[in-house]
Amino acid sequence: MRAFIYHRADSPVHAAAAAIQPGGKIIAGGTNLLDLMKLQVETPSSLIDINRLPLDKIEETPEGGLRIGALVRNSDLAADSRVRQHYGVLSRALLAGASAQLRNKATTGGNLLQRTRCYYFYDITKPCNKRKPGSVCAALAGFNRIHAILGTSEQCIATHPSDMAVAMRALDAKVETINDSGENKIIPIAELHRLPGKTPEIETSLSPGEIITAVTLPPPPPGVQLYRKVRDRASYAFALVSVAAIVDSARGRIRSARLAFGGLAPKPWRSPQAEQELVDAPANTTTFNAAAEAVLKDARGFGDNDFKIPLTRRTLHRVLDEMTRA
Ligand code: SF4
């Protein structure tokens, strides 16, 4: 790890102003950043510690939703009684991520901004367009078992690793930010993460120095909620495929559905076409297959990750069957 200057921020604006300086980097839980620094994937010249800012509350909104401070720890969010009761998909997604120790440190804002776990991104001896723009993507012709099948580009096929963000995508969360001038912005979570295109090094729509202060959940949607994660180990592993589903059905007919997927794309993936296939349709194999085909219409495997296509189909089928069974 290289030497760096340590600052403790005394306000969100101060943090944003310090983070906009060349080499400035915000640290909260540090569960991803410190790993990256040890491997010299990240080499910040200054770290701005925001842990003492008053951004650690979960509050009810006048609209009937929840406002989650950016520094709320993953374990506290998963255990909150309001989250468990009304946003079960979020609580389950959080508990499916990492280990108990990591969840105790990891924050809501940091979880959204964590970097991909592509092996080549973490190995500074290998070429990687995301780490070093204009080099090459080693995963394309390399070992790509954990990589994306949707939303990829010729420049990068990495997945976004968060479970929490997938549930928040299904819940249509909104992300609140502040910049160094004190200006606040609200970004729908669908617009927070970017697809790689020709610039895989730009991962979010945040401007330099702009920091996340909170995430707002709208009132809970009708229906049952479920998070299903398929991975190589029973715990402490990233998703090969995950599904965050919110489905409202009665007497074998689906009224509404929201589906978000993890492990498949460079961002939490939502498929409006698949959801449309489910609305006002009978809860049966034909309907579930039509939804899966819609999700996977543009899917492309790269060899080692080809298995994700049938795995997604089967996982979605199982989830929908379970959620609509009377
Ligand atoms: Fe780098 Fe993306 Fe290719 Fe991985 S998939 S090597 S992160 S460019």
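The values are calculated or read from the model by the stated rules, or taken from the named source; none is laboratory data. Everything quoted here is computed from the prediction, not taken from an experiment. For neighbour counting, all protein chains shown are included, and Cβ atoms are generated from backbone atoms with ideal geometry for every residue, glycine included. The area values use the complete protein model at the heavy-atom level, side chains included, leaving out ligands, DNA and RNA. Shrake-Rupley method; radii C 1.70, N 1.55, O 1.52, S 1.80 Å.
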Residues listed by number, region 1-29, amide nitrogen under 19 Å from THR43 label point at 7 Å toward C-beta: 1-6, 21-26
Over region 147-211 - Rg/Rh using Cα atoms and the Kirkwood inverse-distance radius: 1.01
Packing rank of 72-85, 149-162, where each peptide gets the mean count of other beta carbons within 10 Å, highest leading: 149-162, 72-85
Peptide ranges 107-120, 52-65, 14-27, 230-243 listed from the most packed, as the mean C-beta count within 10 angstrom indicates: 107-120, 14-27, 230-243, 52-65
Sum of -39500 (n - 2.57) over DSSP H runs of 4+, divided by residues of the chain (222 nm, nearest 500): -7500 deg cm²/dmol
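So what is the accessible area of the chain per residue, in Å², with the probe set to 1.4 Å?
Values: 14690 Å² over 326 residues.
With the other protein chains kept in place, the chain gives 45 Å² per residue.
Counting only protein heavy atoms, what percent of the accessible surface of the chain is carbon or sulfur at a 1.4 Å probe? Don't jump to the answer; show the numbers that get you there.
Values: 7510 of 14690 Å².
Carbon and sulfur together cover 51 percent of it.
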Leading residue at positive end of dipole, the chain (Cβ point charges), from ILE48, PRO266, THR177: PRO266
Alpha-carbon radius of gyration plus Dmax, which is the widest Cα pair, for the chain in Å: 19.6, 63
Which of ALA291, VAL279, TYR227, positive extreme of dipole for region 224-324 (C-beta unit charges): TYR227
Heavy atoms of MET1: accessible area, 1.4 Å probe, square angstrom to 10: 110
Per principal axis, descending, Cα span of region 78-134 in whole Å: 47, 21, 15
Rounded if a/c under 1.5, otherwise prolate or oblate - region 1-160, Cα gyration tensor axes: oblate
Size of electric dipole in region 163-205: Cβ of Lys, Arg +1 and of Asp, Glu -1, about Cα centre, debye, nearest 20: 160
Under 17 Å from the Cα of LYS229 - aspartates and glutamates, other chains or at least 8 residues apart: ASP163, ASP321, GLU322
Given charges at beta-carbon only (K, R positive; D, E negative), |dipole| of the chain in Debye: 800
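With respect to the cross-link table entries LYS267/LYS308; LYS38/LYS185; LYS105/LYS198, which display a Cα-Cα separation exceeding 26 Å?
Numbers: LYS267/LYS308 16 Å; LYS38/LYS185 33 Å; LYS105/LYS198 34 Å.
Where the Cα-Cα span goes over 26 Å, the pairs concerned are LYS38/LYS185; LYS105/LYS198.
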Reach of LYS132 by Cα under 20 Å, taken over aspartates and glutamates that are not fewer than 8 positions away in the same chain: ASP35, GLU42, ASP123, GLU154, GLU201, GLU203
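Over the alpha-carbon set of region 196-326, divide Rg by the Kirkwood Rh and report the Rg/Rh ratio to two decimals.
Values: Rg = 16.3 Å, Rh = 16.2 Å.
That ratio is 1.01, to two decimals.
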Test item: Cα-centred dipole of region 21-149, Lys/Arg +1 and Asp/Glu -1 on Cβ, debye: 420
